[in-house]
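Input: a single structure, listed below in structure tokens.
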Amino acid sequence: MQLRAFIQQAAGVGAVSLLDRAVAVGLGIVFARWLGPAEFGAYSFVIAAVGLLLLPARLGLPELLTRDIAAARGRDMAVDIRDTIRKGYLLVGLAALVIVAIGQLVLQFLPPTSLNRLMKIGLWLIFPTVFFEVTIGVLRGLGRTLAFQFYGTLLLSLVTLLVSAAVMLATGRYYAEIAVEARFLAVFFMLSVACIHLWSLLRGQEIPNSGIKRGGGMLVRTGLGFMVNALVYMALMRVDLLMLGLIANEEAVGLYRVAVEGGLLVAFAYGAATTVLAPEYARLYAAEDHEKLQRLVRQTARLIMAAGVFAAVPLIFFSKQIITLVFGVDYAGAGLALSVLAMGHFITFFFGDPIYLLNMTGHHNRITALVGMGLAISVVLCLALIPPFGVVGASLAASIALVSYRALAFRAVYRTIGINCAVFGPVPDRALAATFRTDVEQA
């Protein structure tokens with residue numbers, strides 16, 4: 001891929017992602033200002049916990065259905081798409097029922113705090129969300145990628161914002177409970193829209209009517225691999241916030257959530273670049289074009305670093321002023337945590353893009369082990385740093401874990417593929433890459 005073409009494509013993907021990011025940040029600003037640190041923290045904790053519990057309820061089926069249905073569209077021997085969809089709905093529905101029932105039972109034995117009561121409400125979010133994710137996964141497999149992207153990100157955030165604002169302004173009540181209930185209504189609305197879209201495709205006979213039928217057990221066994229990877233990675237991304245809520249209080253979570261939102265802006269360029277380049281990594285690797293792959297990842301790392309500077313510098317040095325201006329003076333205490341998180345994201349840019357390189361070159365199983373190591377580091381550091389330092393301790397734990405995870409992935413790329421994906425450093429000779437093709441064939 002030529003550098004000019006890459007920049008053009010990354011800019012296009014970045015524009016869509018930027019719009020979604022703007023709506024998501026807008027949602028966070030409105031909730032943060034209207035709810036206050038304590039209520040916003042309670043809402044953030046519940047949404048993070050529900051997001052983690054959602055992963056075992058999904059059983060990895062949204063990703064599996066996307067893959068199988070997309071493959072079926074190009075095969076003479078197709079799977080029975082309608083039968084697969086029905087079984088997918090049934091399996092995730094049963095899994096969601098079990099998880100919600102267990103969660104409600106456990107909460108009965110915990111102290112009746114306000115967070116406990118809010119979590120009882122939040123658990124019901126699992127039902128519409130799991131069906132929604134299966135539905136948009138099927139749409140993606142049927143080639144409706146744009147619908148998948150807009151339904152699952154931009155429109156969901158926008159509807160959540162509109163419903164929440166309407167209810168809060170109409171009632172004059174600004175509580176986390178209303179925000180969670182508004183989220184439930186937004187997900188249910190988007191589920192209805194996605195189901196109507198899917199039904200129109202099925203009714204229009206645009207997909208095969210018959211084919212190989214997969215048993216429910218086979219679907220679950222195959223989906224478990226996707227589920228484990230997603231579960232471990234999501235735990236790594238949210239363990240700091242969850243442990244802060246368990247060790248500290250809701251107000252600390254509210255402050256930290258604001259810092260996390262700001263830190264993600266630093267990583268924006270990384271996301272846009274990797275979305276464009278992931279298929280190119282796979283193509284060059286399959287062609288055994290080691291030199292072009294090395295050159296591409298080095299150029300990409302330097303571009304990401306250059307773009308990241310513009311977000312990282314102000315967020316590192318003027319974090320308190322930015323937070324006070326955007327979220328209000330009540331959140332000024334998140335300033336130092338934002339500086340730490342922004343610095344952590346920026347340091348990861350020095351290691352380039354090792355994660356997608358491993359995923360796209362047949363070494364995706366290594367990612368699970370690496371994420372597990374990062375998760376263990378994060379848990380230990382959270383336990384050690386949150387009690388004395390609060391939100392700053394959580395940000396230190398998250399940043400160190402993220403940098404360690406990216407450094408370990410860089411090392412794995414260097415040793416298994418023979419590529420130096422970092423911004424600086426020597427380029428490995430061709431002898432080191434002699435196992436370039438052998439490794440992927442054995443993986």
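The values are calculated or read from the model by the stated rules, or taken from the named source; none is laboratory data. No experiment lies behind these values; they were computed from the predicted model shown. Note that we place each Cβ from the backbone using ideal geometry, even for glycine, and neighbour counts take in every protein chain shown. Only protein heavy atoms, including side chains, enter the accessible area calculation; ligands, DNA and RNA are left aside. Shrake-Rupley method; radii C 1.70, N 1.55, O 1.52, S 1.80 Å.
Rolling a 1.4 Å probe across all protein chains gives Tyr175 an accessible area of roughly 110 Å².
Among residues other than Met168 with Cβ under 14 Å from its Cβ, the summed charge is 0 (Lys and Arg +1, Asp and Glu -1). Computed with a 1.4 Å probe over protein heavy atoms only, the accessible surface of the range 339-388 comes to 39 Å² per residue.
Compared with the direct C-alpha span, the chain from Phe389 to Asp289 gains 31.1 nm at full extension, assuming 0.36 nm per residue. Which residues in the range 82-123 have a backbone N closer than 18 Å to a point placed 7 Å from the Cα of Thr171 along the Cα-to-Cβ line? Backbone N within reach: 114-123. Note on Asn116 and Ile247: their simple-model spin labels are 2.3 nm apart, each label 7 Å out from Cα toward Cβ. How high is the FRET efficiency between Arg86 and Leu52 when r is their beta carbon distance and R₀ equals 25 Å, given to the nearest 0.05? So, using R0 = 25 Å, E works out to roughly 0.35.
Using the Cβ-Cβ distance between Leu105 and Leu185 with R0 = 25 Å, the FRET efficiency computed as 1/(1 + (r/R0)^6) comes to roughly 0.45.
Among Glu181, Glu250, Glu261, the sequence by solvent-accessible area, most first, with a 1.4 Å probe is Glu181, Glu250, Glu261.
Please work out the FRET efficiency for the pair Ile347 and Arg203, using the Cβ-Cβ distance as r and a Förster radius of 56 Å; give the result to the nearest 0.05. Working from the Cβ atoms, E equals 0.60.
Top to bottom by accessible area (1.4 Å), largest first, where do Cys382, Cys195 land? Provide the component values of the computation, followed by the final result.
Working: Cys382 0, Cys195 50 Å².
Reading off the accessible areas and sorting them downward yields Cys195, Cys382.
Accessible area ranking (1.4 Å probe, heavy atoms, ligands and nucleic acids excluded), largest first, for Val313, Val329: Val329, Val313.
Could you work out how much longer the chain between Phe310 and Ser192 gets when fully extended? Use 0.36 nm per residue separation minus the Cα distance between them, nm to one decimal. Write out the running numbers ahead of the final one.
Details: separation 118, 0.36 × 118 = 42.48 nm, distance 4.02 nm.
In short, 38.5 nm is gained.
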